[in-house]
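Let me begin by presenting the structure, written as structure tokens, before commenting on it.
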Amino acid sequence: MRVIINDGERELSEEDGRPLLFALMRQRIFIPSACGGKASCGQCRVRVISGAPAHVDEERQVLRPDEMALGIHLACQVRASGELRIELPRGYLDARQYRGTVSRISDLAPDLREIDIDLVDPPSMRFRAGQYVQFVVPGTERDPQPSYRAYSMASPPSQAGRLTLLFARVPQGTCTGYVFGRLRVGEEVAVNGPFGSFYLSEAARPIVLVAGGSGIAPIRGMLLDMADRGDPREAVFFFSARTRAEMIYVDDLRNLAQRLTGFRFVPVLSRPLPEDHWEGERGGLPAVLARRLPPLDGWESYLCGGPGLIDASIGAMKTRGLKDERVFFDKFS
């Protein structure tokens with residue numbers, strides 16, 4: 001199989017029938033794939049210009065008809081022979097694999113674990129605050145194929161040699177089972193990236209940031225980056241957790257007010273316990289946004305969290321005048 005990428009920008013040869021996802025990976029070209037090639041996440045979309053076989057059933061369950069009409073395939077399901085011409089975003093060609101050592105593990109909440117990875121090879125990564133890497137989960141005796149999960153950097157680009165990632169425990173989750181159950185300080189890990197277009201625009205508009213649970217990771221990275229750069233724009237961050245025990249990074253965020261003169265932090269508990277003695281905002285985040293925000297004409301918003309939280313929060317902010325083209329978000333399930 002001969003693969004021609006972006007009209008000849010890159011070419012590679014692999015054995016016929018090897019899934020395109022893994023053929024590219026062998027050539028150090030990394031495409032997002034959270035499920036490790038099992039066609040369940042839908043992240044490894046590529047456009048095939050010519051040479052691809054017909055879409056298989058696994059693709060038809062994930063891709064929309066209009067995507068398939070444009071030649072979009074799941075790279076994990078493309079098994080071709082002969083010549084294959086594909087288009088890849090520039091970011092995929094720039095992504096690399098990084099080896100590093102776990103230097104710190106910290107449990108921030110009962111089901112939230114923060115991990116620092118000191119990069120070794122290469123020793124640093126250039127990325128934009130808000131982007132993510134794919135964390136490589138080693139295979140097992142039962143299934144030796146490694147799997148990949150996407151995690152945003154909770155650290156700023158100025159910390160180029162050390163990545164901070166935040167993991168939320170998922171019951172029976174492949175990655176979090178490994179991270180919470182087996183991973184230890186001093187062990188070597190691998191990530192590839194960086195990926196994603198969720199990062200601050202270069203406009204000088206005031207911004208509203210919204211996150212729930214582990215969705216705080218890229219928002220924290222953005223705010224730390226703003227502080228590093230001395231960004232003077234007005235910024236207000238609404239962070240929602242269920243209980244006080246899950247309200248993480250509070251001290252960090254309050255300290256940021258000393259470095260960012262236009263910054264305000266609004267913590268919200270959706271299900272505070274009696275023993276929390278919570279006197280701050282409570283209840284659903286969209287209702288708090290609608291009540292606390294000023295008119296948002298001229299503002300931008302950046303959101304990260306579950307689909308329900310993001311959709312409802314965007315709806316609330318639109319009632320305050322936020323325009324569709326100034327909404328940026330990163331949804332995860």
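A few points about this structure:
- Qualifying residues in region 86-107 (those that are under 27 Å from Gly8 (Cα atoms) and among the small types (Gly, Ala, Ser)) - the one least open to solvent (accessible area, probe 1.4 Å): Ala95
- Looking only at residues of region 294-311 that are assigned to a helix (DSSP H, G or I) and open to solvent by 20 Å² or more (accessible area, probe 1.4 Å), we find that the one that is modelled with the lowest pLDDT is Pro307.
- Put simply, of Phe263, Phe329 the only residue that is in contact (Cβ under 8 Å) with a residue 40 or more places away in the chain and buried (at least 19 other Cβ atoms within 10 Å of the Cβ) is Phe263.
- Against the numbered list (1) outside any strand (DSSP E or B); (2) surrounded by fewer than 18 Cβ atoms within 10 Å (Cβ to Cβ), Ala129 comes up short only at (2).
- Scope region 24-54; condition of a type outside the set (A, V, I, L, M, F, W, C), in a loop (DSSP other than H, G, I, E, B) and touching a residue at least 24 places away in the same chain (Cβ under 8 Å); matching residues: Arg28, Pro32, Ser33, Gly36, Gly37, Lys38, Gly42, Gln43, Gly51, Pro53
- When Val78 is tested against (1) under 21 Å from Gly139 (Cβ atoms); (2) in contact (Cβ under 8 Å) with a residue 40 or more places away in the chain, only condition (1) is not met.
- Members of region 108-126 that are surrounded by fewer than 13 Cβ atoms within 10 Å (Cβ to Cβ) and closer than 24 Å to Gly212 by Cβ: Pro110
- Test: Val102 is touching a residue at least 24 places away in the same chain (Cβ under 8 Å) and of a type in the set (Val, Ile, Thr): yes
- Matching residues in region 167-216 - criterion: being part of a strand (DSSP E or B), within 17 Å of Pro110 (Cβ to Cβ) and either of a type in the set (D, E, K, R) or in contact (Cβ under 8 Å) with a residue 60 or more places away in the chain (or both): Gly212
- Restricting attention to region 191-219, the residues being surrounded by fewer than 24 Cβ atoms within 10 Å (Cβ to Cβ) and in contact with a Leu (Cβ under 7 Å, 6 or more places away or on another chain) number 1.
- Ala217 being at pLDDT 95 or above, in contact with a Pro (Cβ under 9 Å, 6 or more places away or on another chain) and of a type outside the set (Asp, Glu): no
- For region 12-36, the set of residues classified as open to solvent by 20 Å² or more (accessible area, probe 1.4 Å) and closer than 25 Å to Asp121 by Cα consists of Phe22, Met25, Arg26, Gln27, Arg28, listed by residue number.
- Matching residues, region 165-190, being polar (S, T, N, Q) and open to solvent by 10 Å² or more (accessible area, probe 1.4 Å): Gln172, Thr174
- When the residues of region 266-276 are filtered to those that are open to solvent by 40 Å² or more (accessible area, probe 1.4 Å) and in contact with a Lys or Arg (Cβ under 8 Å, 6 or more places away or on another chain), the one that is nearest to Pro294 (Cα to Cα) is Ser270.
- The lone criterion from (1) buried (at least 19 other Cβ atoms within 10 Å of the Cβ); (2) under 23 Å from Ser197 (Cα atoms) left unmet by Gln77 is number (2).
- Residue in region 248-258 that is surrounded by the fewest Cβ atoms within 10 Å (Cβ to Cβ), counting only those that are at negative phi and in contact (Cβ under 8 Å) with a residue 24 or more places away in the chain: Asp252
- Residues that are buried (at least 18 other Cβ atoms within 10 Å of the Cβ) and in contact with a helix residue (DSSP H, G or I) (Cβ under 8 Å, 6 or more places away or on another chain), drawn from region 56-74: Glu59, His73, Leu74
- Residues satisfying the stated conditions in region 264-309, i.e. among the charged types (D, E, K, R) and over 27 Å from Ala129 (Cα atoms): Arg271, Glu275, Asp276, Glu279, Glu281, Arg282, Arg291
- Candidates Phe22, Phe30 - the one that is among the aromatic types (Phe, Trp, Tyr) and over 21 Å from the mean Cα position of the chain (by Cα): Phe22
The values are calculated or read from the model by the stated rules, or taken from the named source; none is laboratory data. These numbers come from a predicted model, not from an experiment. Virtual Cβ from ideal backbone geometry, glycine too; neighbours counted across all protein chains shown. We work out accessible area using only protein heavy atoms, side chains counted, and drop any ligands, DNA or RNA first. Shrake-Rupley method; radii C 1.70, N 1.55, O 1.52, S 1.80 Å.
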